[in-house]
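Input: a single structure, listed below in structure tokens.
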Amino acid sequence: MIADPNTPAVGGPSAAEVREELLKRYPTKVARKRSGQVLVNRRDEQGRVPEIKANTRTAPGIITQRGCCYAGCKGVVLGPTRDIVNITHGPIGCGFYSWLTRRNQTRPPTPADENFMTYCFSTDMQEENIIFGGEKKLRAAIQEAYDLFHPKAIAVFSTCPVGLIGDDVHQVAAAMKKELGINVFGFSCEGYKGVSQSAGHHIANNQLFKHVIGRSEDAPAGKHRICMLGEYNIGGDAFVLEELLERCGITVTATFSGNSTIGGFERAHTADLNCVMCHRSINYVADMIEKKYGVPWIKVNFIGAQASAKSLRKIAQYFGDAELTRRVEEVVAEELARIEPTRQEIEGRCKGKTAMLFVGGSRAHHYQELFAEIGMKTVAAGYEFAHRDDYEGRDVLPGITVDADSRNIEQLEIGPDPQLYRPRKTAEEMESLAREGLPARSYEGLMPAMSEDSLIVDDISEWETEHLLRTYKPDVFCAGIKEKYGIQKKGIPSKQLHSYDYGGPYAGFVGAANFWREIDRMCNTRIWSFLKAPWQRPSAEPLLEAEYVQV
Ligand code: CFM
């Protein structure tokens, strides 16, 4: 059913030629740097993909797609949680731009349940606070939020100026925690930390682990309990997955962090398996939970119909329960049959078309499956900020050199919890699962999944984007809002994969059908042919005839 990803690209220049052309235009120093980040995906004799220089600073002057550390921490990881009051300590712009009311959907069980996502909390720092310090204002803001809402927890997020002037958000948080008797914790996620929002993910993971996870033993009822890690409920994806898993008889103990609550995070360690969707943003939590509580993790991907089926089967395989396997197979068969006519119809119109994907840290990989299922080939892809392991696979982890920007981020030393550590399976059981094709802690990355002639570009720049559009003329280019309209002005449809352009959900089986319909609509519309005015189009006949009359 899935098109072979190893079929050659459709016409056009080779990836090597495009790469050369891209690098040629840069000054020597920049070209040298970019040459490690722009690669042809060719394997060596041992079948290894080339080494990529990821997670390094963007060269000054280059227009990057990247965001900041604060965005990764507050916006991405903590953003979708409904019952924590998230206070941005900083100028109002940072809070406003990470408000994200449309992006982060959530469903409180009843209208009476807490949902703070529609609010934007900020200390609104002024020049005076920058000069004389903002701690007092932060204290007052925490108090005010508490008086108004009486939340279960309050989190404080640091922005660039907070780090520059040295406000101690952790000390203020600790003092207020004591005073108010609720969980108050802070994040040193100043925008400039690290080289991208990836640093913010790590900082968010660390603080969740230190201040939240493991505080409640209130496990939900259910025989097969998992946590979904790195699923942020963009366009309602988490809603689809919750429903799908439940139908199979799998209980979601917590999701990090789509449609989530602090209660879910607190009890996350009581699940028996962690399923990692977005490896980049949450692998730290998965690793730390395993070390401290003994819960293994596996990589899953619910983007793509076959990928969803495979992920459900992986979960069933882990639990090794005949009844669960039967239910999973039933659901898979039912769902695949339901969307197959849509897939076939759309494949008829989309087969042979090409796509490019340049998104943050995991979607540039996951969404290739959805395109392949309707016969479309991904000719170039890359991440904004992911690391080498997301490109080349986790096997390269021991070889990754830690630079000053990464050393900046706290590395928690975790050991087994004296009371709560409980290995869910014996070492032999885990080994036998690995032998049967279900290795724990494993992710193969984007590059091995792509064909040999594809182009990989890390942290793509605006100029490089334009060049790829000109040379490859893909049928669709997936990116974000910053890129979207520049791309469409060139007559190529652009699908946002960060916010889904108001569309979605795209996860699971229903999501796959939604995405195929959307891509079909975008690639096969005639609208792009109207971008050229009639007189710009080549025509055998003159468009207008007139006679010159002299008066
Ligand atoms: Fe993970 Fe994400 Fe992504 Fe990401 Fe993001 Fe995102 Fe993304 Mo935008 S956590 S890495 S930091 S899947 S916000 S929900 S869409 S860049 S590819």
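The values are calculated or read from the model by the stated rules, or taken from the named source; none is laboratory data. The model shown is predicted, which means the values in this text are computed figures rather than measured ones. Cβ coordinates were reconstructed from backbone atoms using ideal geometry, including for glycine residues, and neighbour counts include every protein chain displayed. Keep in mind that these areas ignore ligands, DNA and RNA; they rest on the heavy atoms of the full protein, side chains included. Shrake-Rupley method; radii C 1.70, N 1.55, O 1.52, S 1.80 Å.
Among the residues making up the range 178-212, a single one is of a type in the set (Lys, Arg) and crowded, with 23+ Cβ neighbours inside 10 Å: Lys193. Restricting attention to the range 26-44, which residues are basic (Lys, Arg) and open to solvent by 50 Å² or more (accessible area, probe 1.4 Å)? Matches in the range 26-44: Lys29, Arg32, Lys33, Arg42, Arg43.
Of the residues making up the range 368-382, those that are in contact with a helix residue (DSSP H, G or I) (Cβ under 8 Å, 6 or more places away or on another chain) and not in a strand (DSSP E or B) are Gln368, Glu369, Leu370, Phe371, Glu373, Ile374, Gly375, Met376.
When each of Lys314, Lys351, Lys377 is tested for being under 26 Å from Ser494 (Cβ atoms), surrounded by fewer than 21 Cβ atoms within 10 Å (Cβ to Cβ) and of a type in the set (Lys, Arg), the lone residue that passes is Lys351. Of the helices (runs of 4 or more DSSP H) that lie entirely inside the range 108-195, those containing 1 or more residues that are aromatic (Phe, Trp, Tyr) and at pLDDT 95 or above span 127-132, 135-149.
The residue pairs whose first member lies in the range 358-385 and is among the polar types (S, T, N, Q), whose second member is assigned to a helix (DSSP H, G or I), and whose beta carbons are closer than 8 Å, counting only pairs six or more residues apart or on different chains, are Ser362/His279; Ser362/Arg280; Ser362/Ser281; Ser362/Asp390; Gln368/Ala449; Thr378/Gln368; Thr378/Phe371; Thr378/Ala372. Pairing residues of the range 530-551 that are modelled with pLDDT of 80 or more with residues that are surrounded by 10 or more Cβ atoms within 10 Å (Cβ to Cβ) and assigned to a helix (DSSP H, G or I), at Cβ distances under 8 Å and at least 6 apart in sequence or on separate chains, gives no pairs at all. Kindly indicate whether any position in the range 182-193 is over 13 Å from Ala153 (Cα atoms) and polar (S, T, N, Q). Checked against the condition, which is being over 13 Å from Ala153 (Cα atoms) and polar (S, T, N, Q), the range 182-193 yields at least one hit.
The rows are residues; the columns are (1) within 16 Å of the ligand (Cβ to nearest atom); (2) over 14 Å from Val457 (Cα atoms); (3) in a helix (DSSP H, G or I).
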{"position": "Glu20", "(1), (2), (3)": "no, no, yes"}
{"position": "Arg34", "(1), (2), (3)": "no, no, yes"}
{"position": "Arg43", "(1), (2), (3)": "no, yes, no"}
{"position": "Glu51", "(1), (2), (3)": "no, no, no"}
{"position": "Asn55", "(1), (2), (3)": "yes, no, no"}
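Return yes or no: is Pro161 open to solvent by 20 Å² or more (accessible area, probe 1.4 Å) and in contact (Cβ under 8 Å) with a residue 40 or more places away in the chain? For Pro161, the condition - open to solvent by 20 Å² or more (accessible area, probe 1.4 Å) and in contact (Cβ under 8 Å) with a residue 40 or more places away in the chain - is met. Of the residues Gly93, Gly47, Gly61, Gly72, the single one that is open to solvent by 20 Å² or more (accessible area, probe 1.4 Å) and not in a loop (DSSP other than H, G, I, E, B) is Gly93. Residue under question is Glu290, and the condition is that it be among the acidic types (Asp, Glu) and within 21 Å of the chain's Cα centre (by Cα); does it hold? Against the criterion (among the acidic types (Asp, Glu) and within 21 Å of the chain's Cα centre (by Cα)), Glu290 does not qualify. On the stretch given as the range 418-434, residues that are within 30 Å of the chain's Cα centre (by Cα) and open to solvent by less than 70 Å² (accessible area, probe 1.4 Å) total 5. Here Ala364 clears all of (1) assigned to a loop (DSSP other than H, G, I, E, B); (2) within 16 Å of the ligand (Cβ to nearest atom) except the condition numbered (1). Per the listing Gly235, Gly194, Gly214, the residue uniquely on the phi > 0 side of the Ramachandran plot and more than 16 Å from the ligand (Cβ to nearest atom) is Gly214.
For the range 222-239, filtering for residues that are surrounded by fewer than 24 Cβ atoms within 10 Å (Cβ to Cβ) and assigned to a helix (DSSP H, G or I) leaves 1. For the range 250-288, the set of residues classified as away from the ligand (no atom under 14 Å from the Cβ), open to solvent by 20 Å² or more (accessible area, probe 1.4 Å) and over 20 Å from Ile303 (Cβ atoms) consists of Thr251, Thr261, Gly263, Glu266, Arg267, Asp272, Asp287, listed by residue number. For the range 59-110, a residue qualifies if it is hydroxyl-bearing (Ser, Thr, Tyr) and either away from the ligand (no atom under 16 Å from the Cβ) or in contact (Cβ under 8 Å) with a residue 40 or more places away in the chain (or both), and the qualifying residues are Thr64, Tyr70, Thr81, Thr88, Thr106, Thr110. Only one of the numbered conditions (1) within 16 Å of the ligand (Cβ to nearest atom); (2) more than 18 Å from Gln496 (Cα to Cα) is violated by Asn408, and that is (1). One residue stands out among those in the range 383-404 that are in a loop (DSSP other than H, G, I, E, B) and away from the ligand (no atom under 13 Å from the Cβ): the one that is most open to solvent (accessible area, probe 1.4 Å), which is Thr401.
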